[in-house]
Every structure is written in structure tokens, then in C-alpha cells.
Amino acid sequence: MTDLLLKAFTKEVWDIIIPAIWETVYMTIVSTTITTFFGLLFGIVLLITDKHGLHPIPLFNKVFGSIINAVLSLPSMVVIILALPIAKLIVGITYGPKACIISLTVVCIPIFSRLVENSILEVSKGKIEAAKAMGASNIDIIFKVMLPEALPTLIRNFVVLTITLISITAIAGSFGAGGLGDIAVRYGYHRFRSDILIAAVLVLLVSVNLLQLFGALLARKILKKRHLI
Amino acid sequence: MLPPSFIELKDVYKKFYIYNKEFEVLKGINLEIQKGDIFGIVGFSGAGKSTLIRCINRLEIISSGTIRIGKYEINKLSKKELSLYRQKIGIIFQHFNLLDSRTVFGNVAFPLEVAKKSKKEIQERVSEILELVDIADKKDFYPGQLSGGQKQRAGIARALANNPDILLSDEATSALDPVSQLSVLDLLKDINKKLGLTIILITHSLDVIRHACNNMAVLENGIIVEKGSVKEIFVNPKSDTAKVFIKINTDLSISKYVEGDVI
Ligand SMILES: Nc1ncnc2c1ncn2[C@@H]1O[C@H](COP(=O)(O)OP(=O)(O)OP(=O)(O)O)[C@@H](O)[C@H]1O
Ligand SMILES: [Mg+2]
């Protein structure tokens, strides 16, 4: 066992791992950026078009909410497969990191949309009403009340999103996307290279924990600054 | 923007529907409030006082009747007009409703930002108003760092920041100690005198009414059972609510409390 652990730190292993780390970092950063944008947008749209929202459009809200739920209810694997035609449409191919990013975002946008919606739902009705009573427009309310008030929760959920994305890249790895997940499956599982599997898992473990820690610290810092904890 | 404020409610009904069951909360309110009035509204819990002032700035939409401010009928205002209208009506909430993400300064600046004032104007106006409500030293504090009374002052500063024509106050002074309560009431009276601000005060305390208001109305189960000058009503209360309020009030204030025989 210690043997195996030691082998996981040899140069040969890390020559394989390090490029994979960069692939994972690249895919995570790009897909997180895209998902964050659309997740915020869709989350806010879901929230304000609700029957009791700032700008109720109940029918649209029902339909949109159902679509989000439908994607959420499917296993990630199925969504990735279903998203391949979309990837083909946008980047022209159905394999490799770019196509993978599209699939990843399709899986994660619905998740993040709901997380955003729930974060903002926690902002008290009274604050939103106070803004309304001062003549604030819906745009004012979204950008000056909802988002800043929900910021600490949003940051925590953003970390959840990033971690989810990292873990799903592993699944997407099976479609030739590359990255740590791909390495773990390809070498570790198919070729019984436990050393490489261990190294990949270690890197994933450490980075996910660091992210979690960083997110929690940042959220805490904001809450501290506002004297809410 | 707003013409001289003269608030007029005519046959105002407000119904809520909960699971298709109808609850009538305001049942034909008729009320006239003159410009420059400090108008008190009293009534028991659940009488509909908060609902009434929420209808005035259209946080609730009335089921029937009309509410006029000056020549504007508020339920006919377009979205744009409504926003401008609301900018000129300050409201102080019982539960403060300050933004935790902003300092006292930022909270008081909010209505000015909404009204698209320049940075410089905002800076000046906020400093001035914080001075006025006596929390200038708390300018950079977050609401989480303030006491209840300080939060209420910040709420009052926010309500007054954009020089409103009307101030709505839903038990704004109930979170304050008696001394602060008096000083805030005096402040409101002062602004009323200097700027002709029309104030509607909801309160459970007759002391507040006696100290600050010239006219008042008594609300009972969604109906105005009595209205008139404060003096008249205190000397000669007609409605049960007013009688009970005044009796409890005087009983408490002369401590007529015999052991084992609670009023
Ligand atoms: N959004 C709502 N939906 C249904 N019923 C409501 C709603 N808001 C208020 N009510 C009802 O209207 C009645 C009057 O409420 P309101 O808050 O106006 O009373 P109030 O006179 O301000 O009481 P208090 O002195 O306790 O603040 C209550 O019975 C309440 O349950
Ligand atoms: Mg109330």
C-alpha cells in the first residue's frame, strides 16, 4: 500500500497527471464562467416571473421551470449524451474539451439556476418591499437589493457549482474530453494503473477541499464585515 | 413632481383571497388628510392599519374605491409614474427593513440613487440627514452593528432622504426608549413645521398621538369608527375602541392598579 502511494508520486505518473490538471482547470474555468452567467440569468428569471415575483409571467414561469426540472431529473450521463448535438451545433464536434464544456454547462446550468433562485429567495420580503416603496425599478431591486443581500449564500453555492463541475468533468472524460477524470478512468480503471488513479484522486480531493475552504472563508468574511455573524 | 399633497380615500375596500376564501380587511374607508397634517391612526391589532397605509403607496392594490393624492388617482398611475410617486412618499417600517449589505450611509443613499441623484448630491444630502436624525457618527456602520433605536433612526433618515411630500410611519417609534421616542417625534414635528411634510402615523400609543398629531382616526375591523381632531376625540371619545384605548391609557398612566384586581 505504501508502495503504491510512493509510486503515485513518481515523475512518470506526474508527467501524465500535470497536463490533465491543466485540462481540468481549463474546462472548469470556462464552464464555470458560462454556467455562472446563465445560472444567474435563469435563476433571476425563474424568481421574478414567479406568480409572486417582481414581474409575474406565470405561464412562462411554469414552462421554464418544467424544462429546468426535466434536465435536473435526468442523470448527468444522459444529459451529456443529449447535449452532444448541441455541442456539434456550437463548436462543430462532439468530442474533446470544447464539446465537453458545452455538455458540462448544459448539465450544470439548471443546477446553478435553482441554487441562485433559492439563495435570493432567502432575502426577506420586507427588504424588497422597502425598495419598492422607495420607487426602485425591478433592475434596481435585482442589482442593489437581491444580489448584494444574497451574496454570501451565492458564493457558497458558487463553490458547490464549481465542485459539481469538477466531478462531472470525470464523467465527461469518457467522451474524450481529457482531464483528471479521464485519466483516472482510462489509466486507473481500464489499465489497472492504481498509482495514476491515486494521484488523480489526490489532486481532485485537495483541490475540491481548497475550493470549499476558500469559498467558506470568503462568505464568512463578508458576513463578518456586515456583522451578521 | 407631486402636487400639494391632499390625501383622499373614498370607499376603499381591500380583500385578500386565501385559497379562494375571501377576507375583507378594509370595508369602505373614507378619509381626508390635509396637507401638513400629522395624522394618527389607532386601532387594535389586526384592524387593518398597516394594510391601509400599504394601499396608500400601492404596495397593496385596493379592491375597489379610489385613493387620490392631489390630483393623482394612484391606482391609475403607470409604472413610471408610480415609481416617481413612490419616490416622494417616505415610509418607515416597523421592522426597519434596512439592507444588511449596505452601511448606514449606503442605506440612506438608496432612495437618492433610485431618484438618480448625482454622487455629490447624495454625499451632501446623506450627511445632512444623518446629522438631523443624530446618527452621523454611525455613518459607516452596518445595520448588524446598530441598536434597535439606531436602526429606526437610520430607517427614518432613509424615509426622509429624498425630501418626500408624505411620510408614512408604521409604528416607527415603538422600538425606541421613551426619551428617543420623544426626540424622534419632535424631529418629525419639526420637519412637518419647516417643510410642510404630511405625516401619517400608525401607533398603538395614545401618548404618541397626543404628543405629535393634530388629527386622528380610529380603525375598528376595517372600518373607520371615529375621526376628527385629537382634542375632540380625547375629550369625547365615541367609539368603543377609542374609549377602551383612552381608558387603558389613563388607567396605566395613573397606575390605578390594585393587586388581584386587574382593571
Ligand atoms: N397579505 C395578506 N393576505 C391575507 N391577509 C392579510 C394580508 N395582510 C394582512 N392580512 C390580514 O388583514 C388584517 C389586518 O392586518 P394589518 O396588518 O393591516 O393589521 P394592523 O392593524 O396593522 O395590525 P397590527 O396593529 O397588529 O400591526 C389581518 O387580519 C391580517 O391577517
Ligand atoms: Mg400593522
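The values are calculated or read from the model by the stated rules, or taken from the named source; none is laboratory data. The model shown is predicted, which means the values in this text are computed figures rather than measured ones. Every residue, glycine as well, gets a Cβ built from its backbone with ideal geometry; the counts of neighbours run over all protein chains shown. Each accessible area value is taken on the protein alone, full model and side chains, heavy atoms only, with ligands, DNA and RNA left out. Shrake-Rupley method; radii C 1.70, N 1.55, O 1.52, S 1.80 Å.
Taking only complete DSSP H runs, can you tell me which helices of chain A stretch 30 Å or more along their own long axis by Cα positions and average at least -0.5 on the Kyte-Doolittle scale?
Helices passing the filter in chain A: A:11-48, A:96-121, A:147-172, A:194-225.
With a 1.4 Å probe on protein heavy atoms only, tell me which residues of segment A:132-154 lose at least 50 Å² of accessible surface in the complex relative to the chain by itself.
Residues meeting the cut-off: A:Ala133, A:Met134, A:Gly135, A:Lys144, A:Glu149.
So, with a 1.4 angstrom probe, what is the percent of accessible area on the protein assembly as shown that is carbon and sulfur?
C and S atoms contribute 62 percent here.
For B:Glu128, tell me the accessible area in Å² from a 1.4 Å probe, rounded to the nearest 10.
Number for this one is 110 Å².
How big is the convex hull of the Cα atoms of chain A, per residue, in Å³? Intermediate results must be reported in sequence, preceding the final value.
Numbers: hull volume 31.8 nm³, N = 229.
So the per-residue hull volume is 139 Å³.
With each run of n ≥ 4 DSSP H residues scored as -39500 (n - 2.57), what mean residue ellipticity at 222 nm is computed for chain B after dividing by its residue count and rounding to the nearest 500 deg cm²/dmol?
Rounded to the nearest 500, the figure is -11500 deg cm²/dmol.
Let me have the relative contact order for segment B:97-163, percent, based on Cα pairs under 8 Å that are six or more residues apart.
Values: 72 pairs, mean separation 34.2, N = 67.
Normalised by residue count, the contact order of segment B:97-163 is 51 percent.
Quick one: what are the phi-derived ³J(HN,Hα) couplings along segment B:146-160, Karplus 6.51/-1.76/1.60 with θ = phi - 60°, whole Hz, x for glycine and proline?
9, 6, x, x, 5, 4, 5, 5, 4, x, 5, 4, 4, 5, 8
Accessible area per residue, 1.4 Å probe, Å², for segment B:97-163: what's the number?
41
What order do B:His95, A:His227 take when sorted by accessible area (1.4 Å probe), most exposed first? Can you show the working numbers first?
Working: B:His95 135, A:His227 85 Å².
These residues rank, largest area first, as B:His95, A:His227.
What are the ³J(HN,Hα) values, in whole Hz, obtained from phi via the Karplus relation 6.51 cos²θ - 1.76 cosθ + 1.60 with θ = phi - 60°, for each residue of segment B:30-46 in sequence order, with x given for Gly and Pro?
10, 8, 10, 10, 7, 4, x, 5, 10, 9, x, 10, 10, x, 5, 3, x
Report the extension gain between A:Val201 and A:His55 in nm, rounded to one decimal, defined as 0.36 nm multiplied by the number of residues separating them, less their alpha carbon distance.
Working it through step by step, the gained length comes to 48.0 nm.
If you plug each phi of segment B:131-144 into the Karplus form 6.51 cos²θ - 1.76 cosθ + 1.60 with θ = phi - 60°, what whole-Hz ³J(HN,Hα) values come out, in order, with x for Gly and Pro?
So the J values, rounded to whole Hz, are 4, 4, 8, 6, 10, 4, 6, 9, 3, 9, 7, 8, x, x.
Ignoring ligands, DNA and RNA and using a 1.4 Å probe, state the total buried accessible area between A and B in Å², rounded to the nearest 100. Don't skip to the end; give the middle numbers.
Values: alone 12890 and 13690 Å², together 24580 Å².
Buried: approximately 2000 Å² between B and A.
Rounded to the nearest 10 Å², what accessible area does B:Phe93 have for a 1.4 Å probe in the complete protein model?
Its accessible surface works out to 20 Å², give or take rounding.
Nothing charged except the Cβ atoms of Lys and Arg (+1) and of Asp and Glu (-1): what's the magnitude of the dipole of segment A:2-228 about its Cα centre? Round to the nearest 20 debye.
Value, rounded to 20: 480 debye.
If the cut-off is a Cα-Cα distance under 14 Å, which aspartates and glutamates reach B:Lys247, setting aside same-chain residues fewer than 8 apart in sequence?
B:Lys247 reaches B:Asp207.
Counting Lys +1, Arg +1, Asp -1, Glu -1, what net charge surrounds A:Ile183 among other residues with beta carbon under 12 Å of its beta carbon? Write out the running numbers ahead of the final one.
Working: positive: A:Arg186, A:Arg191, A:Arg193; negative: A:Asp15, A:Glu23, A:Asp182, A:Asp195.
Result for the local shell: -1.
Estimate the FRET efficiency between B:Lys194 and B:Lys119 by the formula 1/(1 + (r/R0)^6), using the beta-carbon distance for r and 22 Å for R0, to the nearest 0.05. Write down the numbers at each step before the final one.
Numbers: r = 27 Å, r/R0 = 1.21.
Here the calculated transfer efficiency is 0.25.
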